[in-house]
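Following: one structure in structure tokens, then a few remarks.
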């Protein structure tokens, strides 16, 4: 008996990486799935995975979370197909790697539009529907990068910090409608994107002896997904407005003392 049996979960950015892992885990806990993404091809593998994991039903909806018309259309499609939505996971996100003085404004706006505005649009429009069907749970995928510099990606850091603040505000406003809102902040996670981003030597180091991280390894996608599943379930019925870091202890230390010579 899964802890999400009978629930309908909407997952954005579900075509790969963390989003795909979240969808698969929610399915394994008994949820039906509505997957949202920008391309059908990227969602095809996820459909196979959630069906194999036991999803009671699965539907695919193409659209951009940063487009208000797309958001309204997709949520209406989901309502028609499934009748209601119980869980929303705002996972869709992009990043722009650029040194601060070289950031192009159009790229800044693109990241903010997806990572922050998309989270707002999906949460607000889903909550308008959830309040009429008994409530629900929203889980926003933020990042430990909300806490500071983690590479040349200022727009991403700004967006994720805003997502954490937005989560708290939405949690207060939506509590009256029996809608819980929390966020999960992954640390450096073992995804295909990471494998393509770093060298084989660096990947081995991060997997086996990652000195900056107390647990000395990358986070596993399943570890992020399980935190999301818990927050989506009735086991977290008294939890709203918090951010849950899943980072193998990265934020537990400022890494000053450890870096001192001698």
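Laboratory data are not the source of any read-out in this text; all were calculated from the coordinates shown. A quick note: this is a predicted structure, and the numbers were derived from the prediction, not measured. Using ideal geometry, Cβ is built from the backbone for each residue, glycine included, and neighbour counts are taken over all protein chains shown.
Sorted fewest first by neighbouring Cβ atoms within 10 angstrom, 259, 28 come out as 259, 28.
Please give the FRET efficiency for residue 98 paired with residue 239, using the beta carbon to beta carbon distance and R0 = 35 Å, rounded to the nearest 0.05. The calculated FRET efficiency here is 0.45. Here the simple spin-label model places points 7 Å from the Cα toward Cβ, and for residue 222 and residue 259 these points are separated by 3.4 nm. The Stokes-Einstein estimate for the stretch 157-262, based on a Kirkwood radius over Cα pairs and taken at 37 °C with 0.692 mPa s viscosity, is a diffusion coefficient of 209 µm²/s. Computed from the alpha carbon positions, the gyration tensor of the stretch 8-259 leads to an equivalent ellipsoid with semi-axes of 28, 20, 19 Å, biggest first. Peptides 85-98, 158-171 ranked from most to least packed give 85-98, 158-171, packing being the mean of other C-beta atoms within 10 angstrom over each peptide's residues. Could you state the angle between the C-alpha long axis of helix 221-232 and the longest principal axis of the C-alpha atoms of the chain, as a value from 0 to 90 degrees rounded to the nearest 10? The helix 221-232 is inclined about 40 degrees to the chain. Rounded to the nearest 10 degrees, the inclination of helix 118-130 to the longest alpha-carbon principal axis of the chain is 30 degrees.
Based on Cα contacts under 8 Å between residues 6+ apart, the chain shows a relative contact order of 18 percent.
Angle check, please: helix 154-174 long axis (alpha carbons) against the longest principal axis of the chain (alpha carbons), in degrees 0 to 90, nearest 10. It works out to around 40 degrees. Scoring 122-133, 38-49 by mean Cβ neighbours within 10 Å over their residues and listing the highest first yields 122-133, 38-49.
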